[in-house]
Every structure is written in structure tokens, then in C-alpha cells.
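Any read-out appearing in this document is the output of simple, stated calculations on the displayed coordinates, not a laboratory observation. Note that the coordinates shown come from a computational prediction; the quantities given were computed from them, not determined experimentally. All Cβ positions, glycine included, derive from the backbone under ideal geometry; neighbour counts span all protein chains shown.
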Amino acid sequence: MERIYPESKVEIQGFTARKYDQIMNVMSLGLYDRFIRSAIARLQIQPADRIIDLGCGTGRNACLMRHYLNESGSILGLDISSEMETQFRENCQQFPNVSFRNQRIDTPFTLEQKYDKAFISFVLHGFPHEIRLKIIENVYRNLTDGGKFCILDFNEFSLKEMPFYLRIPFKTIECKYAFDFIERDWKQILGEQGFANFEESFMFKKYVRLLIAQKQ
Ligand SMILES: C[S@@+](CC[C@H](N)C(=O)[O-])C[C@H]1O[C@@H](n2cnc3c(N)ncnc32)[C@H](O)[C@@H]1O
């Protein structure tokens, strides 16, 4: 995979990509599994939902989301990493309604059908802002009217006010794009891109937010 944004840390390759889930488990001190299950439980997935998962990674999230679906529902994972694709296909191979497509999410694309939900988990913060807007345009184009855009990512917060024992790891681990992501008003941005009816819930001491917005 060619790296387009050298300063981004979401274009994951090599060892980090191959061991992504294990690294998340260790970095979260074992809390990640419970956290992601709880976040996915809040997506209000309906049994027949068609879901796109942008930057789907290893399929860990798709495997959890598919529990809420019946045979009419489906999940399409989009990613550009071959290491992630291998893991996604292996993890989801027994689920006929879960599929993968090698697809850049930051250039315009139109899928064969419209989707009821678009899920993006810890991907949006890792791009320059103008690229995030292109991703949001892609989501808007591929959602049904009234479809939901579900963003699981960092909440808005002030780095200066973050306690030092969290600020130091955040500044060390995260890419520079994350620092402006947390300062932006995401409801306003999404409102300007055609979304409304926001619902939000918070995790990890409010440093993480699930923001759900409805396509108007
Ligand atoms: C931080 S990981 C998050 C993975 C997954 N969403 C999760 O929550 O476990 C970021 C993912 O975005 C993918 N990605 C990065 N840039 C992308 C792009 N331009 N188009 C599609 N996927 C991309 C990476 O390959 C990686 O799987």
C-alpha cells in the first residue's frame, strides 16, 4: 500500500497492521474488547441494515456488528491495506453477508447500492481536514436518505486541559492530524455537509465519542 499521507498514522502497514488487534488490546490495557462491544451496541443496528465500514481494518468490528443482523442485513468493509484484507477475510469468512472491498475512502466512489449505515472507527482523525471532507462526501453519496453516519473517534477536547499522564501518550502516539481533529466542531461540520439529528455518547472519560448523524 502506497502511503499518501506520510504524517498520518491510520495508513497502517507491516507488523502494526498484522498485529493490529493485539496491539490495541495491549495499548488499552485489555479494555478494548469491552469498549468496542459497548460502542457497537450503541449503533442501533436494525436486523436488515446494510452497513458500510470505512477503513474496516481486521474485521473485528464487522464480526461484532453482524450479530445484530438477520440474513437480509449485510456489511461491506472498505480498506486499502492488504494485511487488513487478509485478516478481514479470515475473520469474516464464515459470514456470507459480510464482504470486503479494496477501496480508497478518500477519493470519490459510488457503490452499487445505498447503505443504511456508514460506520467509521478511528480513521477520520488521521487525515488532513480537506480529505476528511471528501470522505464525508463519499458517505453522504452512498447512504440512503435518512441513513445514519456513525463516527467512533476522539471527542472534541482541549489538549492543554488533558492530564499530563494522558497528554504525553496522546502526543507521542497520535499523528499531527489528530490534534486539529479534536479542536473542530464536528456537529457543525457535518451539518454543513447535509447531516442533522445528532446523537452522541461518550467513552474513556469523554475522550472518545460515538457521534451519529442522519443524512437529510
Ligand atoms: C486505525 S485503523 C482502524 C481500523 C478499524 N476501523 C478499527 O476500528 O479497528 C485505520 C484503518 O483505516 C485504513 N485506511 C487508512 N487509509 C485509508 C484509505 N485512504 N482508504 C481506506 N482505508 C484506509 C487502514 O488500512 C486501517 O485499516
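When each of 63, 56, 150 is scored by the number of other beta-carbon atoms lying within 10 Å, the sequence from fewest to most is 63, 150, 56.
Using the Cβ-Cβ distance between residue 141 and residue 67 with R0 set to 35 Å, the FRET efficiency from 1/(1 + (r/R0)^6) comes to roughly 0.80. Applying both filters, DSSP loop and at most 11 other Cβ atoms within 10 Å, to the GluC sites (Glu not before Pro) of segment 177-213 gives 183. Modelled spin labels at residue 202 and residue 102, positioned 7 Å past Cα toward Cβ, are 4.2 nm from each other.
Under 9 Å from the Cβ of residue 97, count the other residues' Cβ atoms, weight Lys and Arg +1, Asp and Glu -1, and hand me the total. Residues close to residue 97 contribute a combined charge of 0.
Summarising the strand pairing of segment 14-215, around 40 percent of its internal DSSP beta bridges are antiparallel.
Gain on full extension, evaluated as 0.36 nm per residue between residue 185 and residue 86 minus their Cα-Cα distance, stands at 32.1 nm. Among 103, 13, 113, the largest mean-square fluctuation in a Gaussian network model of the chain, built with springs joining Cα atoms closer than 10 Å, belongs to 113.
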